[in-house]
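Shown next, in structure tokens, is the structure this report addresses.
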Ligand SMILES: NC(=O)c1ccc[n+]([C@@H]2O[C@H](COP(=O)([O-])OP(=O)(O)OC[C@H]3O[C@@H](n4cnc5c(N)ncnc54)[C@H](O)[C@@H]3O)[C@@H](O)[C@H]2O)c1
């Protein structure tokens, strides 16, 4: 029997929840009874996903680009208007960025990766955390990457952005530790999703070769850990980074 967490009465936001790891997280939250707002810059895709999953619980789609702070505040207001509050935030939206040597990244490429992968989670935390403090409850799950711990060659913008997410998690976790708010991150190894279309086969082969289990992690395996991070049961651990690397990580 898969572990089920009870999210009855909880309201969640999952950024980049239209597909991939985010969608798996939405499914897991919905199966536990949470109302979920899918925040995605691809609004049509988010609407399709919300429609598919809304038989079991309330799921809404909000079109938002997390790089735009004013749009994030608007999405928060729309979500609070729909659900009355936000208890859970999964910062998942992200891109791979260029597969190239550091000095070959263009300035625009570097800035775009930072804007989505690092500024995005900061924007969402900035907009949503005050409400969590006011209600003395919150669970934040940040989707980082093993690249943020190890630094993948030919992916320095991505690796640096994900290292930033781990640092953000550590700082915010400590700042909120006196409340019933937990802030944690997860560092997945490679999972077969649409993000693979953004990178080269050689880079995919490199990532697979570094996983001792010898296979990709599934989005369902990641969603199981994310669900724990979003649950009431995750009441003590905070500022921590959960491993999902099939044996690759050494810390
Ligand atoms: N798949 C992997 O191998 C892997 C490994 C480690 C970490 N991750 C991380 O997991 C997260 C999800 O990845 P995935 O593989 O499911 O990717 P994906 O490409 O399948 O899905 C990402 C979703 O994020 C949305 N998105 C992108 N930029 C956005 C923005 N600016 N604002 C709002 N939404 C935006 C996209 O529209 C898409 O629906 C990312 O942060 C990624 O870096 C993925």
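Overview of results
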{"read-out": "Ranked by how many other beta carbons lie within 10 Å on average, peptides 190-201, 77-88, 24-35 from highest", "value": "24-35, 77-88, 190-201"}
{"read-out": "Rounded, prolate or oblate (a/c below 1.5 giving rounded, otherwise prolate when a/b exceeds b/c) for the range 210-251 by Cα gyration tensor", "value": "oblate"}
{"read-out": "Volume of the Cα convex hull of the range 44-168, divided per residue and given in Å³", "value": "122"}
{"read-out": "Principal axis box of the chain, alpha-carbon based, largest edge first, Å", "value": "46, 40, 38"}
{"read-out": "Alpha-carbon Rg with Dmax, taken over the range 113-251, Å", "value": "15.3, 48"}
{"read-out": "Estimated [θ] at 222 nm from DSSP helical runs (n ≥ 4, -39500 (n - 2.57)) normalised by residues in the chain, nearest 500", "value": "-13000 deg cm²/dmol"}
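No lab work stands behind these numbers, since they all come straight from the coordinates. This is a predicted model, so every value here is computed, not measured. Backbone-built Cβ (ideal geometry, glycine too); neighbour counts: all protein chains shown.
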